[in-house]
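Before any comments, here is the structure.
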Amino acid sequence: MALGTKNRLHETGVACKAHLREQHGDKLDLVTEFIAEIEGSGSKQDLTAWNQFSDLRRNQAEMLQRAEAAFQTWLAGG
């Protein structure tokens with residue numbers, strides 16, 4: 001994997017996590033749990049899992065909307 005790709009994947013994760021933490025500052029424990037569920041833990045940790053919210057156009061606003069929708073669905077238990 002090229003360095004540019006790794007950086008882009010890392011930036012996607014950082015942006016999504018920062019957005020969720022900023023938007024849901026009153027629910028940081030739940031946000032942290034959601035982040036752990038997306039990324040996994042231990043040997044199964046996949047920091048690139050945030051890329052599921054991105055698309056080929058790399059539109060950050062749409063990516064954050066998808067991450068927000070996934071968090072809301074997760075909160076609702078579905």
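The values are calculated or read from the model by the stated rules, or taken from the named source; none is laboratory data. Predicted, not measured: the structure shown is a model, and the values here were computed from it. Heads up, the Cβs are rebuilt from the backbone with ideal geometry, glycines too, and the neighbour counts pull from every protein chain shown. Keep in mind that these areas ignore ligands, DNA and RNA; they rest on the heavy atoms of the full protein, side chains included. Shrake-Rupley method; radii C 1.70, N 1.55, O 1.52, S 1.80 Å.
Among the residues of segment 65-74, not a single one is in contact with an Asp or Glu (Cβ under 8 Å, 6 or more places away or on another chain) and under 21 Å from LYS6 (Cβ atoms). Picking from residues in segment 36-53 that are more than 15 Å from ARG66 (Cβ to Cβ) and of a type in the set (A, V, I, L, M), the one that is surrounded by the most Cβ atoms within 10 Å (Cβ to Cβ) is LEU47.
Just one of the numbered conditions (1) in contact with a His (Cβ under 9 Å, 6 or more places away or on another chain); (2) outside any helix (DSSP H, G or I) is not true of ALA67: (2). Of the set (1) in contact with a His (Cβ under 7 Å, 6 or more places away or on another chain); (2) open to solvent by 70 Å² or more (accessible area, probe 1.4 Å), all apply to ASP26 but (1). Scanning segment 10-19 for residues that are touching a residue at least 40 places away in the same chain (Cβ under 8 Å) and either farther than 14 Å from GLN60 by Cβ or surrounded by fewer than 17 Cβ atoms within 10 Å (Cβ to Cβ) (or both) yields nothing.
Going by the structure shown, is GLU22 modelled with pLDDT under 95 and assigned to a helix (DSSP H, G or I)? Taking the combined requirement at face value, the residue does not satisfy it.
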